[in-house]
Amino acid sequence: MADTHEKSSKKEPRIFIIADTHFGDENIRLYEERPFPDTETMDQEIIRRWNETVDEDDLVYHLGDFCAQGEERCRELARKLNGHKRLLLANHDFYLSTQKWREIGFEECYDLPVVLKEFFILSHEPLYMCRSMPYANLFGHVHNVPSYRSVSCRSACVSVERIDYTPILLETLRDLMREEERREDQEIEKH
């Protein structure tokens, strides 16, 4: 008799997070001093890094500001990117409806923050988080603004400038946040 409880050989999809790609946006390229000579090079490099990192079966949460170059260009870009893509709409994305973004190639679109794995609050803009809260916030929007830390024990900025223009694994973010929590705990014990 066959074992009906045999585990499936299909692996769990990995979860990646990224924000603020701003495909094709010359102003952002200049303003954020991105290390690319032009937007075409920037776009191609982000696509290359994304596809070298993300497999077709992986899940990617894009925390907003994907591309503001119109529906057809967004569709073209979404088709080039590996993985099952979900978009949190941000200030540069609201020119299209959630339905249009789904038609473009995002499986899900959200206009409010999302709770992931009962711990991570995904948002475009940073939310207030303190050490004693039972959640952590993953966000974008602030790019390289130095008043926001890249990682704390309860938050992480995933703007592309902070994650080498490459989607980052949720597990990696969790590990970085735990490491930061241990470091903060050591500092508290010293005092």
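The values are calculated or read from the model by the stated rules, or taken from the named source; none is laboratory data. Values in this document were obtained by computation on a predicted structure and should not be read as measured data. Note: ideal-geometry Cβ built from the backbone for every residue, glycine included; neighbour counts use all protein chains shown.
Here is how the numbers come out for the structure above:
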quantity	calculated
Check on R79, out of contact with any Asp or Glu (no Cβ under 7 Å at 6 or more places or on another chain), closer than 19 Å to F23 by Cβ and in contact (Cβ under 8 Å) with a residue 12 or more places away in the chain	yes
Residue, surrounded by the fewest Cβ atoms within 10 Å (Cβ to Cβ), within the stretch 66-112, restricted to residues that are hydroxyl-bearing (S, T, Y) and either more than 25 Å from E32 (Cβ to Cβ) or at pLDDT 95 or above (or both)	S97
In the stretch 84-107, the residues that are outside any helix (DSSP H, G or I) and in contact with a helix residue (DSSP H, G or I) (Cβ under 6 Å, 6 or more places away or on another chain)	L87, G105
Members of the stretch 41-76 that are in contact with a Gly (Cβ under 7 Å, 6 or more places away or on another chain) and of a type in the set (A, V, I, L, M, F, W, C)	V54, L59, V60, L63, C67
Filtered residue count, the stretch 47-65, keeping only those that are surrounded by 14 or more Cβ atoms within 10 Å (Cβ to Cβ) and farther than 19 Å from L170 by Cβ	2
Every residue from the stretch 47-83 that is among the polar types (S, T, N, Q) and in a loop (DSSP other than H, G, I, E, B)	Q69, N82
